[in-house]
Every structure is written in C-alpha cells, then in structure tokens.
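The next block holds one structure in the form of structure tokens; read it before the comments.
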Amino acid sequence: MIAINSGSCSGSDTTYLTITVNNDSVVADFIQEPLGNCDSLLINFTNTSLGGQTYIWDFGDGNSSTTFSPSNIYIFPGVYDVSLIVYDPSKCEPYDTVLQQVSFFINEPDAEFDPDAQTFITHADIDFTNLSIDGDFYYWDFGDGETSDLENPVHNFSEPGEYEVCLRTTTFAGCVDSICKIYIIQNVPALDVPNAFSPNGDGDNDMLFVRGYGIANLDFQVFDRWGHLLFQTTDLNVGWDGIYKGKSQEMEVYVYYLSATFENGVAVEKKGNITLVR
C-alpha cells in the first residue's frame, strides 16, 4: 500500500504484507492389515491420508481413536463400517472422510474321518479318508507311536490291541478341531516257510526263517535228503544260516517239518521243500 500526501515533507510512504493463498485440500485414506484368529480379529490401520492435522477414527463397533495409525480388536463376528475424518484448518477444503468395511467371520473347522476297512487286523494297510470341513492342516495320531501330517494317510498296526486314532484339523487362522475314535486291531494267525534262501553273505535272504503272526509256540526242523537233522528251533526269531557242524551245506533241496500252535489255540503242521542257493 502506498500513501501520498503532497503537503508533507516526505510526500509518500509504502508498506508490504505477504498473503499466502492455499488452494490445497486434504485427502483421507487408509490401509487395513488384518491379523485374525478364532476368538477375535486384530486390524492395524495404516493412515495414508494426504494432509491433515487431526484424525478421528470410528471403527464401527463402538470404539474410536484420534491416533494417526491406530489398531482395533473386533470380538464379535460381523461387518463393520470404519470411517476416518481428516481435518486441516490451513486447507481450502479442511475436511475429508473415507469409509471402508471390515468383515470378521469365525471359520471354525469340523474334524471327521473314516477308515476304509471292514475288519481291523495287524499288518494290513488301512486307508484313512479325511472328511474334515474347512481344514487347512492335519495331524494324525494313530495311538501306536506313529503320526502323520498327510490329508489322507495309510497306516497299518503291527500289534493287536485297542488303539485311539485322533485327527486334529487346523485352519490358516489357527482355528482347531479334533476327533478321536477307538479301534480294536485283531491278530490274524498266519504261518509260512520260504521255499528258498541264499546264504552267500550278500545280506539278501541269507537266513531261513519261519514267517508268521499270532504264533504261541513252534517247532521247526530242517533235514537233508537222507533224513539227517541239520537245524532245529523253537524261536520264531532264530533262523538257519545253511551251516551244519561248522560246514556250509551244498546247493540242493532240503526237507522241513513245522508244527505250531497259534495264540487262539489252533494247532497246525506243515511239511515241504527248501532250496539252498549260493
């Protein structure tokens, strides 16, 4: 501003004042970072607004905040309207509001399974079919010390008895459900003798054993073609190595006699030939 007075000594005077014209406006915005579990949903809200000096949050569940980037925990499932009001009195348009929705649903799994077997016997493969709903991870405990994390495992029980098979189903959010079922595994008696063995020291089929399950006692004898007794055992875990009185026997056919009694009381006898191969 310039002031002029022709009758004064100076004649005029000038003064200056700087005025800032601000045409900006605030822009409200934010990003959600959900961290959920089965009981609640924690969301970290990252404020990405442009401008602003004060911030008013309404999380839609009765909670609010004036923090720049707050967090909120949702306890009850539902859909919530989250609003952010940004205010800056230095802007031409000092207010802006943004609205987003938060969805929180509890997705609990339902654990279930069914074994593909009519009877449960030892040493028989059992296919366990997983019928769980909404599961992402699985953990099986077969009750005999063996476990699996496969969705549909195959398992066999080596010993008879009562076993509790359990399946635990877990979701990505950490929700867990489990179910246990009890099965009676029966021992089916079986008895057999191989028709050949090769005691050549290569570690493959070097010993002649009686094979079977559910055997209470046995008597296994091996004879040469002249009827000489070369080997005898009453122990299922003791086999013949093809040696008699310190001498390796020749490659030929030998005769065996086997008598046994199963755990169910049934007695059996077997006779046959065994070929020794070197």
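The values are calculated or read from the model by the stated rules, or taken from the named source; none is laboratory data. Owing to the predicted nature of the structure, the values given are computational and were not obtained by experimental measurement. Counting neighbours? That spans all protein chains shown, and the Cβs are built from the backbone with ideal geometry, glycine included.
Annotations for the structure displayed:
- Of all residues making up the stretch 68-111, the number that are in a strand (DSSP E or B) and either over 15 Å from V27 (Cα atoms) or not assigned by TED's automatic domain parsing to the domain that holds N37 (or both): 14
- Filter pass, V255 being of a type in the set (A, V, I, L, M, F, W, C), surrounded by 13 or more Cβ atoms within 10 Å (Cβ to Cβ) and assigned to a strand (DSSP E or B): yes
- Filter result for L99 (among the aliphatic types (A, V, I, L, M) and without any contact (Cβ under 8 Å) to a residue 24 or more places away in the chain): yes
A quick yes/no check of all residues on (1) surrounded by 14 or more Cβ atoms within 10 Å (Cβ to Cβ); (2) more than 29 Å from F45 (Cα to Cα); (3) modelled with pLDDT of 95 or more; (4) out of contact with any Gly (no Cβ under 8 Å at 6 or more places or on another chain):
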| residue | (1), (2), (3), (4) |
| --- | --- |
| G78 | no, no, no, yes |
| L84 | yes, no, yes, yes |
| Y87 | yes, no, yes, no |
| V98 | yes, no, yes, yes |
| T119 | no, yes, no, yes |
| S148 | yes, yes, yes, yes |
| P153 | yes, yes, yes, yes |
| E164 | no, yes, yes, no |
| T169 | yes, yes, yes, no |
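- Each residue in the stretch 160-207 was checked for being part of a strand (DSSP E or B), polar (S, T, N, Q) and under 21 Å from the mean Cα position of the chain (by Cα), and 3 pass.
- Residues of the stretch 168-203 satisfying the condition of being touching a Cys at 6+ places or on another chain (Cβ under 9 Å), within 23 Å of S158 (Cβ to Cβ) and of a type in the set (A, V, I, L, M, F, W, C): C180
- Filtered by the rule that a residue be buried (at least 16 other Cβ atoms within 10 Å of the Cβ) and either of a type in the set (G, A, S) or not assigned by TED's automatic domain parsing to the domain that holds G239 (or both), the stretch 204-225 gives G212, G214.
- Selected residue (criterion: surrounded by the fewest Cβ atoms within 10 Å (Cβ to Cβ)) from residues of the stretch 53-65 that are free of Cβ contacts under 8 Å to residues at least 40 places away in the same chain and either among the hydrophobic types (A, V, I, L, M, F, W, C) or in a loop (DSSP other than H, G, I, E, B) (or both): G62
- The condition (being outside the structural domain of T170 (by TED's automatic domain parsing), over 30 Å from D136 (Cα atoms) and polar (S, T, N, Q)) is satisfied by just one residue among S65, S40: S65.
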